[in-house]
Amino acid sequence: MNVSRRQRGRPKSDSKRRQIFGAAIGLFMSQGYERTRVEQIAGLAGVSKQTIYSHFKDKDDLYQAAITYVCEQLGMPEGLAEDKRDPLDVLTEIGTAFLALLMSDDSRNLYKLVVANADTHPDVAATFYSAGPRTFIDRLAQYLERKTSEGILAIDDPQMAASQFFSMIRGELHMRAILGVGPEILDEELTDYVTSCARLFVRGYR
């Protein structure tokens, strides 16, 4: 009976955490970390303050956990190294998804939030990097290493090459989006840019 009761409780607990994360991230993004109070998060999430403190020891703990959760949801799917398609097709698809993610309102707001609080919360900034950008780089590096071992690509340092690829994909478009300057960025512009980056990358390492 006890085991069954615990098993039934886990999904409910996970659901509560997702509610709390959703409310916390929304408020952190709209109000900033300092101005957001636990009482506000509890109210928006539809839970009590005690429920929040039963999951997280304080607001700092909730902030770090929420950032980690969002990064994991936005992360690159596993199994990339097993993809058998031509690298140009794979990299174009990955680059398109990555840039679309970077340009989304939620992603840009999350990035600004972490950067704005990096000095006061360096651990959260490190967590954001590890759970977000680093995950993308590591999984692409595994794919590039696999393609090199198969003789399809010739890459001496897959980790550096993966970093190069994503840095190239971010480029000016992401900077314009973060700063809110320049003309509106159209989908066609994103597609053309990613395709050009993928072709250049594959041509250099084929």
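The values are calculated or read from the model by the stated rules, or taken from the named source; none is laboratory data. Please read these numbers as outputs of a predicted model, since none were measured by experiment. Positions of Cβ are generated from backbone atoms using ideal geometry, with glycine treated the same way; all protein chains shown enter the neighbour counts.
Among the residues of region 141-154, write down those that are surrounded by fewer than 17 Cβ atoms within 10 Å (Cβ to Cβ) and either touching a strand residue (DSSP E or B) at 6+ places or on another chain (Cβ under 8 Å) or not in a helix (DSSP H, G or I) (or both).
Those that are surrounded by fewer than 17 Cβ atoms within 10 Å (Cβ to Cβ) and either touching a strand residue (DSSP E or B) at 6+ places or on another chain (Cβ under 8 Å) or not in a helix (DSSP H, G or I) (or both): GLU150, GLY151, ILE152, ALA154.
From the list ASP106, ASP123, ASP138, ASP119, pick out the single residue that is outside any helix (DSSP H, G or I) and not small (Gly, Ala, Ser). Let's see the steps before the verdict.
Numbers: ASP106 fails: outside any helix (DSSP H, G or I); ASP123 fails: outside any helix (DSSP H, G or I); ASP138 fails: outside any helix (DSSP H, G or I).
So the residue among ASP106, ASP123, ASP138, ASP119 that is outside any helix (DSSP H, G or I) and not small (Gly, Ala, Ser) is ASP119.
When you check TYR129 against the structure, is it within 20 Å of the chain's Cα centre (by Cα) and at pLDDT 90 or above, yes or no?
On the way: within 20 Å of the chain's Cα centre (by Cα): yes; at pLDDT 90 or above: no.
No.
Any residue in region 125-143 that's under 14 Å from GLU72 (Cα atoms): show its pairings with residues that are hydroxyl-bearing (Ser, Thr, Tyr) and at pLDDT below 90 at Cβ separation under 7 Å, as long as the two are six or more apart or on different chains.
Between residues of region 125-143 that are under 14 Å from GLU72 (Cα atoms) and residues that are hydroxyl-bearing (Ser, Thr, Tyr) and at pLDDT below 90, the close pairs are THR127/THR68; ALA131/THR68.
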